[in-house]
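Since every read-out is calculated from the coordinates, none of them should be taken as a lab result. It should be emphasised that the depicted structure is a prediction, and the values quoted were computed from it without experimental measurement. Cβ placement follows ideal geometry from the backbone for every residue including glycine, while neighbour counts extend to all protein chains displayed.
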Amino acid sequence: MFCKPGLERTYGIDVTGLDPKGVGTPQAKQAVKDGTDQLVLTTTTDATLDNFGLVLLADDKKLQNADNVLPVVNARTAGDKEIETALGKLTRKLTTEDLINLNRKVDAERLKPADVAQAYVESKGLVKK
């Protein structure tokens, strides 16, 4: 686990074992809920923690950065300046809290990602309804 050295040095946590269930997977979160594991690596935009009775710990020593949404496209095939402009507008509007809510709609409410994205960009005035 790439976090092990940081957890040990920065927070003094003695990591004695790793359970390879994956980052933020339902299985990993369930293992913490059941007490099989003591912590789970997930993202700051994980919208399903409440379903497992889990909370994000405050990183008061700044070991990890929060998720930051950043569009990445292939420079050769991305298209024209219009695409760059549209992605720039989205980047300026989309917050971490927005992303958590969008993830909740897809991950917890099981709505279609395309429908959630369309409703979001319309609500922010990024496209016409």
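Derived from the Cα gyration tensor, the three semi-axes of the equivalent ellipsoid of region 1-76 are 23, 18, 13 Å, largest first. Rounded to the nearest 20, the Cβ-based charge dipole of region 55-106 about its Cα centre (Lys and Arg +1, Asp and Glu -1) stands at 40 debye. Taking each residue as 0.36 nm, the span from GLN30 to LEU56 lengthens on full extension beyond its C-alpha to C-alpha distance by 7.9 nm.
Entry note, the chain: relative contact order of 20 percent, from Cα contacts under 8 Å with a spacing of 6+ residues.
Straightening the chain between VAL127 and ARG92 buys 11.1 nm, computed as 0.36 nm per residue apart minus the Cα-Cα spacing.
Which entries of LYS81/LYS124; LYS29/LYS93; LYS81/LYS105; LYS93/LYS129; LYS89/LYS129; LYS93/LYS128 show an alpha-carbon separation above 24 angstrom in the structure shown? Too far apart for the 24 Å limit: LYS29/LYS93; LYS81/LYS105.
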